[in-house]
1. Take residue 153 and decide whether it is more than 30 Å from residue 305 (Cα to Cα) and touching a residue at least 40 places away in the same chain (Cβ under 8 Å).
2. Do you know which residues across the stretch 232-242 are touching a residue at least 24 places away in the same chain (Cβ under 8 Å) and either surrounded by fewer than 24 Cβ atoms within 10 Å (Cβ to Cβ) or over 13 Å from the mean Cα position of the chain (by Cα) (or both)?
3. I'd like the residue in the stretch 195-208 that is out of contact with any helix residue (DSSP H, G or I) (no Cβ under 6 Å at 6 or more places or on another chain) and in a strand (DSSP E or B) and, out of all such residues, is surrounded by the most Cβ atoms within 10 Å (Cβ to Cβ).
4. Modelled with pLDDT of 95 or more, closer than 25 Å to residue 299 by Cβ and in a helix (DSSP H, G or I): does that describe residue 341?
5. Going through the stretch 277-303 one residue at a time, which ones are surrounded by fewer than 16 Cβ atoms within 10 Å (Cβ to Cβ), within 35 Å of the chain's Cα centre (by Cα) and in a strand (DSSP E or B)?
6. Evaluate the following for residue 161: is it closer than 18 Å to residue 225 by Cβ, within 21 Å of the chain's Cα centre (by Cα) and surrounded by 18 or more Cβ atoms within 10 Å (Cβ to Cβ)?
7. Across the stretch 320-338, which residue is modelled with the lowest pLDDT among those that are farther than 24 Å from residue 233 by Cβ and in a loop (DSSP other than H, G, I, E, B)?
8. Does residue 385 count as closer than 30 Å to residue 23 by Cβ, in a helix (DSSP H, G or I) and either at pLDDT 75 or above or touching a strand residue (DSSP E or B) at 6+ places or on another chain (Cβ under 8 Å) (or both)?
């Protein structure tokens with residue numbers, strides 16, 4: 001396979017490293033996924049590198065496994081990152097057109113964006129992304145593309161994502177030690193949201209939640225653009241840990257029980273069968289019913305989604321999210337009933353995201369929510385979705401709180 005048309009996306013998750021390799025023919029928009037792999041990484045904690053050697057080993061393992069089943073070789077990687085070291089905010093910029101010729105050029109657009117990102121940062125942080133949300137020309141808001149138009153004052157609203165310089169340097173070192181080059185570093189939330197949240201959902205006002213192992217990435221879209229992004233220090237690994245502690249078993253056994261028998265909503269409980277497992281020593285037998293597993297799982301699921309709800313409520317964007325619903329991604333979204341739980345706790349319709357067939361040719365193994373960020377990285381770009389600020393969005397009434405998932409579970413038993 002020619003390496004000229006090969007793309008490789010490396011998702012540095014909160015506790016795992018995931019790689020997908022895709023091929024795009026010349027002049028084609030469709031990316032064909034030809035291989036992938038996902039491996040645990042002990043060198044990461046919440047998406048931050050805590051051991052360069054362990055992280056490099058996991059990166060090498062993931063990429064080499066992906067290369068083996070795709071029968072190709074890659075040298076450069078588009079790297080997706082997450083974690084609490086990422087911070088974001090919105091800002092505005094303005095640019096006066098002093099020329100006699102008032103026609104807006106691409107250089108003028110670059111100039112106004114440069115003014116918008118001219119913000120003071122501490123020496124240990126750097127700007128990762130500047131995402132234009134909307135342009136205003138001579139006080140006329142909602143200009144989708146000002147290039148070619150005439151005006152004297154060009155303004156822009158942007159979403160800025162900053163990252164820890166030390167973490168980015170450590171990550172670059174880990175990729176280099178693994179034998180690869182980081183061609184580009186991308187905030188994984190933006191990459192995944194770009195391909196999993198539909199244009200209509202972005203326009204109406206949607207909440208995108210990527211549930212990782214040790215962190216939850218969340219973004220609010222409205223009027224076609226990203227308006228808010230945040231990293232929460234909690235994830236699906238916390239459920240595994242609760243099971244391991246509650247059952248006095250190993251993390252591997254707890255993970256297996258969570259994946260095979262865990263539910264995020266009590267309505268999915270069928271036969272309350274008895275499960276057998278081994279204790280933490282690997283020999284002592286134990287037994288537990290599925291309902292008891294759910295009794296451990298549900299409170300943590302509720303806590304994760306409640307933290308998301310509280311963060312939305314305390315943000316300036318609580319009134320604009322809702323009509324587009326909730327879009328779920330990440331390995332944590334694989335738990336059965338997570339969509340139902342999100343619907344109930346957040347009070348909005350929820351769906352588990354799958355890649356659009358017009359963008360990717362992908363086998364079921366690689367279309368899992370666990371590979372959503374790697375898929376986004378393979379889109380090979382983060383196209384700007386410009387907002388339309390002249391379109392008014394009526395404030396959404398906060399939905400009345402439904403019974404918590406745990407309360408419903410308690411009523412069933």
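1. Taking the combined requirement at face value, the residue satisfies it.
2. 232, 233, 234, 236, 237, 238, 239, 242
3. Checked the stretch 195-208; the qualifying residue surrounded by the most Cβ atoms within 10 Å (Cβ to Cβ) is 207.
4. yes
5. 278, 289
6. Taking the combined requirement at face value, the residue satisfies it.
7. Among them, the one singled out is 322.
8. Considered against the rule, which asks whether it is closer than 30 Å to residue 23 by Cβ, in a helix (DSSP H, G or I) and either at pLDDT 75 or above or touching a strand residue (DSSP E or B) at 6+ places or on another chain (Cβ under 8 Å) (or both), residue 385 comes out as no.
The values are calculated or read from the model by the stated rules, or taken from the named source; none is laboratory data. Keep in mind the model is a prediction, meaning the values are calculated, not measured. Every residue, glycine among them, receives a Cβ derived from its backbone with ideal geometry; neighbour counts consider all protein chains shown.
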